[in-house]
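Right, one structure below, let's go through it.
All of the numbers you see were taken from the coordinates with simple rules; none came from a lab. The structure presented is a predicted model; accordingly, all values stated were derived computationally and were not measured. Positions of Cβ are backbone-derived with ideal geometry, glycine not excepted, and every protein chain shown enters the neighbour counts.
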Amino acid sequence: MTRQALFMPLMAVVLAGAALALLLGGRAATTTETDAIERVAVQYLAEGGAARTDCRARPAQSEGLWLVVICEDAGGRGAEYFVDRFGRVADRRTLDGEA
């Protein structure tokens, strides 16, 4: 085998890793709080929520999480959505109105 034949697979792996890093970094850098809240509000409505305006957010206290989006109606029923830095819902907790 020639040196070029050994070098090509290594170069392909490095280029694929760089492309993946750019994709994930770009997604994290361009996701805003508003985007994340809107995405969660749409999910809340799909689950039977009352109104898009029921949702608000606060910074997350846990490592690896970015926001906690709270969607609840006037009676305190709804859900808390824990959102990571990429804007994905990492976890969900149901609020039953007994606060």
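Please work out the FRET efficiency for the pair A74 and L24, using the Cβ-Cβ distance as r and a Förster radius of 30 Å; give the result to the nearest 0.05. Kindly include the intermediate steps, with their values, before the conclusion.
Details: r = 39 Å, r/R0 = 1.30.
The value I calculate is 0.15.
Grab the DSSP H runs of the chain that are 4 residues or longer, score each as -39,500 (n - 2.57), total them, divide by all residues and round the 222 nm result to the nearest 500 deg cm²/dmol.
-14500 deg cm²/dmol
Would you report the distance distribution of C-alpha pairs in the chain as whole percents per 10 angstrom bin, up to the bin with the largest distance?
Going out from 0 Å in 10 Å bins, the chain shows 15, 35, 20, 12, 10, 6, 2, 0 percent.
Helix 33-46 versus the longest principal axis of the chain: what angle, 0 to 90°, nearest 10, using Cα atoms?
Approximately 60 degrees, to the nearest 10.
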